[in-house]
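Colleague: Here it is, the structure, as structure tokens.
The values are calculated or read from the model by the stated rules, or taken from the named source; none is laboratory data. For clarity, every value in this text was computed on a predicted model and none was experimentally measured. Cβ coordinates were reconstructed from backbone atoms using ideal geometry, including for glycine residues, and neighbour counts include every protein chain displayed.
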Amino acid sequence: MDAWQLFLNSLGPIALGGLLGTIPLALVSFALGLILAVGVALMRISKAPVVAGIARFYVSVIRGTPLLVQLFVIFYGMPAVGIVIDPWPSAIVALSLNVGGYGAEVVRAAILSVPQGQWEAAYTIGMNRTHTLTRIILPQAARVSVPPLSNTFISLVKDTSLTSTILVTELFRVSQQIAASSYQVMVVYLCAALVYWVICLVLATGQSALERRLDSRVSN
């Protein structure tokens, strides 16, 4: 089989690996990681030193260690203490924790970007801190955090390729299997790169559309 024919034959299985493996893995991990990020961000701005310290430590660990190491600790390391987790749950846990660590700083910065006067105005009309956060501060912070969080999601899609090292079947692992059987590594991995690029291009287009929609609402 010539290189071009292999390239065309590989597109389908690799794209399917992205559709059934990479994208669902990224979506679930990002959703869980975003929930974690908001919680950690709120802990970071807490007035309780212990709570803020725990959140700061978590962010420091996640940002200071490679994602690949985090994956290995969860999948290969946890069985040493009697905890065995299957590949997919291990990948979701590791990716969610990673998103939570990076996303927490994005959300925290977005919250702090809201003018202090917004807090004071809410307090003057009798709103407590919780209501102020949920009804006034977080909606405004969400607009600010959309671009960096969207970039985080696009990076996450590419980072899912690392889960192939813990036997998760996704886009890159499918590429590895095809490359191993065909012995034409360059052609297959160029095909994988094309599929990743198309996925990220679609996501970037969606990000731009979302930002324009949010901008139009703000201007109105």
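Colleague: Just the residues that are of a type in the set (Lys, Arg) and within 17 Å of the chain's Cα centre (by Cα), please, taken from the range 151-189. Spell out how you get there, then give the answer.
Modeller: As a first pass, look at the range 151-189 and keep what is of a type in the set (Lys, Arg): 158, 173.
Of everything in the range 151-189, just one residue is of a type in the set (Lys, Arg) and within 17 Å of the chain's Cα centre (by Cα), namely LYS158.
Colleague: Of LEU25, LEU71, LEU67, LEU34, which residue is closer than 29 Å to ILE137 by Cβ and at pLDDT 95 or above? Talk me through it step by step, then tell me what you get.
Modeller: Values: LEU25 fails: closer than 29 Å to ILE137 by Cβ; LEU71 fails: closer than 29 Å to ILE137 by Cβ; LEU67 fails: closer than 29 Å to ILE137 by Cβ.
Within the list LEU25, LEU71, LEU67, LEU34, the selection yields LEU34.
Colleague: Taking ILE83 as meeting all but one of (1) more than 27 Å from SER60 (Cβ to Cβ); (2) part of a loop (DSSP other than H, G, I, E, B), write down the number of the exception.
Modeller: Among (1) more than 27 Å from SER60 (Cβ to Cβ); (2) part of a loop (DSSP other than H, G, I, E, B), the lone unmet condition for ILE83 is (1).
Colleague: If you don't mind, there's one more thing I want to ask. Are there any pairs, at least 6 apart or on different chains, whose C-beta atoms fall under 7 Å, with the first in the range 64-78 and under 15 Å from THR160 (Cβ atoms) and the second surrounded by 12 or more Cβ atoms within 10 Å (Cβ to Cβ) and of a type in the set (D, E, K, R), and if so, which?
Modeller: Final answer for the pair search is LEU67/ASP159.
Colleague: Mind checking which residues of the range 57-95 are among the aliphatic types (A, V, I, L, M) and touching a Ser or Thr at 6+ places or on another chain (Cβ under 6 Å)? Write out each step before concluding.
Modeller: The first filter runs over the range 57-95 and keeps only residues among the aliphatic types (A, V, I, L, M), leaving 59, 61-62, 67-69, 71, 73-74, 78, 80-81, 83-85, 91-95.
Residues satisfying the conditions are ILE74, ALA91, ILE92, LEU95.
Colleague: Do we have any residue at all in the range 195-217 that's outside any helix (DSSP H, G or I) and either surrounded by fewer than 19 Cβ atoms within 10 Å (Cβ to Cβ) or out of contact with any Ser or Thr (no Cβ under 7 Å at 6 or more places or on another chain) (or both)? Walk me through how you get there before you give the answer.
Modeller: Within the range 195-217, the subset outside any helix (DSSP H, G or I) is none.
No, the range 195-217 contains no residue that is outside any helix (DSSP H, G or I) and either surrounded by fewer than 19 Cβ atoms within 10 Å (Cβ to Cβ) or out of contact with any Ser or Thr (no Cβ under 7 Å at 6 or more places or on another chain) (or both).
Colleague: Now for a separate question. Report every pair of residues separated by at least 6 positions or lying on different chains whose Cβ atoms are under 7 Å apart, first residue within the range 192-217 and within 16 Å of PHE153 (Cα to Cα), second β-branched (Val, Ile, Thr).
Modeller: As it stands, the answer is ILE199/VAL157; CYS200/ILE154; CYS200/VAL157; LEU203/ILE154; LEU203/VAL157; ALA204/ILE154; LEU210/VAL146; GLU211/VAL146, since those pairs meet every condition given.
Colleague: Give me the residue from the range 89-100 that is touching a residue at least 12 places away in the same chain (Cβ under 8 Å) and more than 17 Å from LYS158 (Cβ to Cβ) and, out of that set, farthest from the chain's Cα centre (by Cα). Don't jump to the end; show me each part of the working.
Modeller: Here is the first cut: in the range 89-100, the ones touching a residue at least 12 places away in the same chain (Cβ under 8 Å) are 90-100.
The next check asks that each one be more than 17 Å from LYS158 (Cβ to Cβ); those that pass are 90, 93, 97, 100.
Working: SER90: 15, VAL93: 11, LEU97: 9, GLY100: 8 Å.
Checking each candidate, the answer is SER90.
Colleague: May I ask you to verify whether ARG56 is over 17 Å from ARG173 (Cα atoms), out of contact with any Gly (no Cβ under 8 Å at 6 or more places or on another chain) and either modelled with pLDDT under 95 or not acidic (Asp, Glu) (or both)?
Modeller: Against the criterion (over 17 Å from ARG173 (Cα atoms), out of contact with any Gly (no Cβ under 8 Å at 6 or more places or on another chain) and either modelled with pLDDT under 95 or not acidic (Asp, Glu) (or both)), ARG56 qualifies.
Colleague: One residue is enough: does the range 9-32 have a residue meeting the conditions over 19 Å from the mean Cα position of the chain (by Cα) and free of Cβ contacts under 8 Å to residues at least 12 places away in the same chain?
Modeller: Step one: of the range 9-32, the residues over 19 Å from the mean Cα position of the chain (by Cα) are 9-16.
Those still in the list that are free of Cβ contacts under 8 Å to residues at least 12 places away in the same chain too: 9, 12.
The answer is yes; a qualifying residue exists.
This table checks each residue for (1) touching a strand residue (DSSP E or B) at 6+ places or on another chain (Cβ under 8 Å); (2) of a type outside the set (Val, Ile, Thr); (3) closer than 19 Å to THR22 by Cβ.
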residue	(1), (2), (3)
ALA142	no, yes, no
VAL188	no, no, yes
ALA192	no, yes, yes
CYS200	no, yes, yes
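Colleague: If a residue counts only when it is buried (at least 18 other Cβ atoms within 10 Å of the Cβ) and in contact (Cβ under 8 Å) with a residue 40 or more places away in the chain, which helices (runs of 4 or more DSSP H) contained entirely in the range 111-181 have at least 1 such residues?
Modeller: Values: elements: 116-124, 129-132, 138-159.
Fully inside the range 111-181 and qualifying: 138-159.
Colleague: Which of the numbered conditions does VAL198 fail, given that it passes all the others? Conditions: (1) closer than 30 Å to ILE85 by Cβ; (2) within 26 Å of the chain's Cα centre (by Cα); (3) of a type outside the set (S, T, N, Q).
Modeller: (1)
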